[in-house]
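The values are calculated or read from the model by the stated rules, or taken from the named source; none is laboratory data. The structure presented is a predicted model; accordingly, all values stated were derived computationally and were not measured. In this analysis, Cβ positions are derived from the backbone assuming ideal geometry, glycine residues included, and neighbour counts consider all displayed protein chains. Just so you know, the surface numbers come from the protein's heavy atoms only, side chains and all, with ligands and any DNA or RNA stripped out. Shrake-Rupley method; radii C 1.70, N 1.55, O 1.52, S 1.80 Å.
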Amino acid sequence: MNINIYGSTGVIGRKTLSLIDKNFPEIKVNLLCAKSNLNLLTQQIKKYQPKYAFLYDHEKNINFNYKIGKTKFLNINELQSYLISSKSNLSLLAISGYKSLYFLENIIQNTDNLGIVSKEAIVSGGHIFRKKNYFKKTNIFPIDSEHFSLYELFNKVNTNINIKKVILTASGGPFYKRKFNTLDNVKFNKAIKHPKWKMGYKNSIDSATLVNKCLELAEAHYLFDIPFNKMKILIHPEALVHSIVEFDNCVSQLNLFKNDMNIPILNFLLNSNKKNQSINSQLFMKKYTNLKFEDVRMEIFPIYSYFNKINKKKPQNLIKFNIGNEFAVNLFKNGKIKYTDIYRIIKKITSLNLYSPVNTIKDIIHYHEEIEYKLQDFKI
């Protein structure tokens, strides 16, 4: 059994390799892909000896020895050809941002089991994948804790009872008790300090603004075919209940597990491997704490109110919302805007009057590039 890992040097990629190393000697690492961290990628290659490797940052590829031991480095055209012509047992897509769309279509059609933690790609391309039944071409296994919890429930609970409401929970991030209008001077290093999860900077910022939950609503809509009017968000600071499903018979199912990304990754590997294995006891919760749930307060998270108002029947609006957030987070990271400007810029970009067709993955990538081109002259 082999695995291809897209995003091997990120948090999810590193955790996956560690779990394979400790628990799954039968899984052979076949392909490692990274964006720019050449040093860590080199270490991973020496340890796991994959057949292929790929580094997205071409500048670091120019004068690089394209072979380490028996591992051959692929350029982007070779990678695309490889994806089209080969089959893999397992693939993990853990690339942040819409650029994973360059690979996602071929990955879905040429792997048996896909673990995915690339919400931006699903948000931008989900309408295409659902229309073409791509989600049925392979076993899609969501790695985000909320969608993993829904996947577990929908696949293991046999019920003919209608779903009344699906609730995704949010920890609230580092500022959930502070009103939005008091956060003008928040610094980047404060905004990325998530109280419960260790994540990359973008996911951490998105958690602080609650954009991540807006994107996760769209992701759940596409992955599980849940209407937007049957979904909502609750603030749950303990981050132990990851989703709640209310049924028409007045019974609700709370999906609870420790806030540790190793759990959905481990279940992906176990599920795909059809392997019975005892779970590391450190992943079990030692005690239950008092669980609190609060409605989202608009004076703290105004983005949620805005997201609820946009016309989500038009995929372009979700794409623009997605792009606007990615653009604004990078501006904040580089010190060009204030934290509170993220919300303003998302609204401004989402309201752009740009409705090019988005009927294929190439259309969507072109649409992203078209907006990015316009953003070169964007007045902050």
*What spacing in nm lies between the two simple spin-label points modelled at Lys196 and Lys28, each 7 Å away from Cα in the Cβ direction?*
4.0 nm
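Just the ratio, please: alpha-carbon radius of gyration of segment 1-104 over 2.2 N^0.38 Å, N its number of residues. Show your work: numbers first, answer last.
On the way: Rg = 12.6 Å, N = 104, 2.2 N^0.38 = 12.8 Å.
Cα Rg divided by the expected 2.2 N^0.38 Å: 0.98.
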_Solvent-free Debye scattering, log10 I(q)/I(0), computed from the Cα coordinates of segment 137-239 at q = 0.11, 0.13, 0.17, 0.19 Å⁻¹_ = -0.40, -0.54, -0.84, -0.99
*Under a no-solvent Debye model with one identical scatterer per Cα of segment 197-338, what's log10 I(q)/I(0) at q = 0.16, 0.17 Å⁻¹?*
-1.11, -1.21
*asked:* For Asn2, what residues show an amide H to amide H distance below 5 Å, using hydrogens built from the backbone and excluding near sequence neighbours?
replied: Lys28, Asn89, Leu90
*asked:* Using only the heavy atoms of the protein chains and a 1.4 Å probe, how would Thr16, Thr360, Thr182 rank by accessible area, largest first?
replied: Thr182, Thr360, Thr16
_Cα centroid separation, segment 163-218 to segment 298-364 (Å)_ = 15 Å
*Which of the lysines could a cross-linker bridge to Lys190, judged by Cα under 22 Å and excluding same-chain residues fewer than eight apart?*
Lys177, Lys179, Lys198, Lys202, Lys213, Lys333, Lys336, Lys338
*If you plug each phi of segment 41-51 into the Karplus form 6.51 cos²θ - 1.76 cosθ + 1.60 with θ = phi - 60°, what whole-Hz ³J(HN,Hα) values come out, in order, with x for Gly and Pro?*
4, 4, 4, 5, 4, 5, 7, 9, 6, x, 6
*Which whole-number percentage describes the relative contact order of segment 190-239, with Cα contacts under 8 Å and a sequence gap of 6 or more?*
28 percent
*What list of ³J(HN,Hα) values in whole Hz, one per residue of segment 96-113 in order, does the Karplus curve 6.51 cos²θ - 1.76 cosθ + 1.60 (θ = phi - 60°) give from phi, with Gly and Pro shown as x?*
6, x, 6, 5, 5, 4, 4, 10, 4, 4, 5, 5, 4, 7, 10, 9, 7, 9
*Enter the accessible area per residue of segment 301-380 (Å², integer; probe 1.4 Å; all protein chains in place).*
49 Å²
*Spherically averaged projected area in nm², based on the convex hull that wraps the Cα atoms of segment 312-380*: 4.6 nm²
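Roughly to the nearest percent, how much of the accessible area of the chain is carbon and sulfur, given a 1.4 Å probe? Walk me through the numbers before you get to the answer.
Numbers: 8570 of 18020 Å².
Summing carbon and sulfur atoms, their accessible area is 48 percent of the total for the chain.
Counting each DSSP H run of 4 or more residues in the chain as -39500 (n - 2.57), what helix-only mean residue ellipticity at 222 nm follows after dividing by all residues, to the nearest 500 deg cm²/dmol? Provide the component values of the computation, followed by the final result.
Working: 14 runs with 158 residues, N = 380.
-12500 deg cm²/dmol, from helical runs alone.
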*Search the structure for amide H atoms under 5 Å from the amide H of Tyr339, placed 1.01 Å from N in the peptide plane, and list their residues when 5 or more places away or on another chain.*
Val186
_Calculated from backbone phi, Karplus (6.51, -1.76, 1.60) coupling profile of segment 206-215 in Hz, x at Gly/Pro_ = 4, 5, 5, 8, 6, 4, 4, 6, 4, 5
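Can you tell me, using C-alpha contacts under 8 Å and at least 6 residues apart, the relative contact order of the chain as a whole percent? The partial results should precede the final answer.
Values: 586 pairs, mean separation 56.8, N = 380.
Contact order relative to length: 15 percent.
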*Assign unit charges at the C-beta atoms only (+1 for Lys and Arg, -1 for Asp and Glu), then state the dipole size of the chain relative to its Cα centre in Debye, rounded to the nearest 20.*
500 debye
_Based only on Cα atoms, what mean projected area does the convex hull of the chain have, in nm²?_
19.2 nm²
*Collect residues whose amide H, placed 1.01 Å from N in the peptide plane, falls under 5 Å from the amide H of Lys35; neighbours closer than 5 in sequence don't count.*
Thr9, Tyr56
